[in-house]
Amino acid sequence: MKNYKLLILALIFHLVISSIRGESLKIAFWNVENLFDLEDDPHTNDNEFALGGRKNVTPEIYNLKLKNLTEVVNELDADVLGLCEIENRFVLEELDRAVNRDYDIVHYDSPDFRGIDVALLYDSKRIKVNSSDPVEVILPTGKPTREILYVDADLNGTSIHLFINHWPSKYGGAKKSIPKRAAAGKVLRYQVESILKSDPDAEIVIMGDLNDEPTEPSLKVHLGASMDLNDLGQGKIVLWNVMGPWHRNDTGSTYKYAGKNMVYDHLIISLGLTDRKGLNLVENSVGVFDGEKYRQHGGKYDGYPFRFWAGNKLLGGYSDHMPIYLNVSAP
């Protein structure tokens, strides 16, 4: 009888492990549009979101922002979630307490003049984080900008390298700001090449708001990412940008400006996730989280993401960017 019970326990254990190994890992990214706390940090330009600032933010408005973000994060239900436009660890912990899943947090304060950072939320029951580092990006002007977050993780014994990005915006003029995003692309390319040099089959996922479209030089030339998988290995193309189906898509873009549908939010992977060894991109798993309630309807801004702020006017939506996601299969 004792041996029988041990056999049953062993079988249950085997089935549990098999089911875990057969599951996929959902990786997502979202620019949450200015998740700031209510305190005025004297070291950063954040006072517009503080109590008494020009947006007239109140605790009720802050709580509405958290509530709306929580709704989307719960719907996304990602195992790994990259975020940008968050002010600090405090707001990350507030969000983590509000959502259904119990995430661990990877975050570093960046030197961004507004004080906004990138971060990673992850389910430690699904993936193990071995190490993390902020990667410095120095602009041609010599000024610092948001760092790139690098996370070395482990999924069922296989390494996966994650990079979370928020590249410099086009503030001050699109052409004038081109060298800034080129600098970010070059820094990230160096990091990717360092990994691939030691392991050509490395599994790499790059995510982020890059403030450029897939065909811009910052991505195609400096980072070496193409929307065409057949380009990999041609010239300096070493990465596959899987956002091709949403590029200039009238009904599913991640961002919209001046009436133009854009992909500013990217998921980019290495060839190691397509080689049927170790981890692999799950077929047809790439997507943009969307829905009628997450878009504006009618008028000048029809089809735009339903944002929380429009200048200093409270719209009470979610974000000016749509979340994106993909699934990776575990061995």
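The values are calculated or read from the model by the stated rules, or taken from the named source; none is laboratory data. The shown structure was predicted, so the numbers you read here are calculated from the model rather than taken from an experiment. No Cβ is skipped: glycine too gets one built from the backbone with ideal geometry, and neighbour counts run over all protein chains shown. Heavy atoms of the whole protein, side chains included, go into the accessibility calculation; ligands, DNA and RNA do not. Shrake-Rupley method; radii C 1.70, N 1.55, O 1.52, S 1.80 Å.
The table for this structure:
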{"quantity": "Helix 59-76 vs. the chain, principal-axis angle (Cα, 0 to 90°, nearest 10)", "calculated": "40 degrees"}
{"quantity": "Angle in degrees between helix 89-98 and the longest Cα principal axis of the chain, rounded to the nearest 10", "calculated": "60 degrees"}
{"quantity": "Accessible area per residue, Å², segment 167-208 with all protein chains present, probe 1.4 Å", "calculated": "51 Å²"}
{"quantity": "Accessible surface, per residue, of segment 94-135 when the full set of protein chains is kept, probe 1.4 Å, Å²", "calculated": "47 Å²"}
{"quantity": "Nearest-ten-degree value, helix 2-22 long axis tilted from longest Cα axis of the chain", "calculated": "40 degrees"}
{"quantity": "Percent accessible area from carbon and sulfur atoms, segment 35-167, protein chains only, probe 1.4 Å", "calculated": "45 percent"}
{"quantity": "Relative contact order for segment 287-331, counting Cα pairs under 8 Å that sit 6 or more residues apart, in percent", "calculated": "36 percent"}
{"quantity": "Label-zone membership for segment 72-96, site Lys293, 7 angstrom Cα→C-beta point, backbone N under 18 Å", "calculated": "72-78"}
{"quantity": "Inverse mean reciprocal Cα-Cα distance (Kirkwood Rh) of segment 232-273, Å", "calculated": "11.5 Å"}
{"quantity": "Fraction of the pair-distance distribution of the chain above 38 Å, Cα-Cα pairs, percent", "calculated": "15 percent"}
{"quantity": "Loop sites in segment 264-331: chymotrypsin sites (Phe, Trp or Tyr not before Pro), DSSP, at most 15 other Cβ within 10 Å", "calculated": "none"}
{"quantity": "26 Å Cα-Cα threshold exceeded, pairs from Lys67/Lys256; Lys260/Lys293; Lys128/Lys293; Lys65/Lys175", "calculated": "Lys128/Lys293; Lys65/Lys175"}
{"quantity": "Most mobile of Ser270, Ser253, Ser194 in a GNM of the chain (Cα contacts under 10 Å)", "calculated": "Ser194"}
{"quantity": "Candidates Asp199, Asp109, Asp117: whichever shows maximal mean-square fluctuation once the chain is modelled as a Gaussian network with Cα springs under 10 Å", "calculated": "Asp199"}
